[in-house]
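Every number here is computed from the coordinates shown, using simple stated rules; none is lab data. Note that this is a predicted model, so its numbers are computed, not measured. Neighbour counts are summed over all protein chains in view; Cβ atoms, including those assigned to glycine, are modelled from backbone coordinates with ideal geometry.
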Amino acid sequence: MKGLRKGVLWLLVLAVLSVLSSCGRNMLSDETTSVHNKWFMNDPAIFDVNVKDTIHGYDFYINIRHNESYRYSNLYVFLQTEFPNQHVTRDTLEFILAAPSGKWLGKGWGKIKQDHILLKKNLRFPLKGQYRFSIWQGMRADTLKGIEDVGLQIVRAQ
């Protein structure tokens with residue numbers, strides 16, 4: 001009986017390690033930049049991503065951590081993408097962070113909320129090489145208070 005429990009325990013440990021290692025292979029990028037509760041208008045969060053795979057699709061997420069002192073229910077950002085061939089695109093995006101009732105939509109306990117927002121699903125990179133993603137706040141305030149961190153996550157689509 002004791003040997004059986006030990007064998008089951010080892011199988012469980014191997015299963016967990018297998019799941020964790022497979023998740024890592026599907027993650028192209030998962031970076032976060034802290035803006036320390038003061039996101040200045042001209043201070044972008046910059047993420048450099050080296051792309052080697054142009055065959056598979058990827059899901060793009062923006063991660064926003066904010067505290068309860070954030071005074072808006074939404075967040076406008078500018079997303080600039082610089083491609084390996086120096087081509088540049090720029091998008092304006094709006095994220096809804098609170099319901100009309102005022103309840104925060106993000107997850108988390110206490111005063112910090114985390115929003116994991118899907119930008120694009122199953123998007124393929126057109127070129128191999130170095131991409132640069134720059135994210136600016138676009139809320140018409142020189143200093144945006146209440147935002148703690150901004151992140152970019154790129155995961156291989158399933």
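One table, with the values for the structure above:
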{"read-out": "Order of I147, I117 - criterion: other Cβ atoms within 10 Å of each residue's Cβ, fewest first", "value": "I117, I147"}
{"read-out": "Exposure proxy ranking, count of Cβ atoms within 10 Å, fewest first, for L97, L75, L118", "value": "L118, L97, L75"}
{"read-out": "The stretch 138-146 - phi-based ³J(HN,Hα) in whole Hz, Karplus 6.51/-1.76/1.60, Gly and Pro as x", "value": "x, 9, 6, 10, 4, 10, 9, 8, x"}
{"read-out": "Eligible lysines near K52 by straight Cα distance, threshold 18 Å, same-chain separation 8 or greater", "value": "K128"}
{"read-out": "Neighbour-count order for L152, L105, fewest beta carbons within 10 angstrom listed first", "value": "L105, L152"}
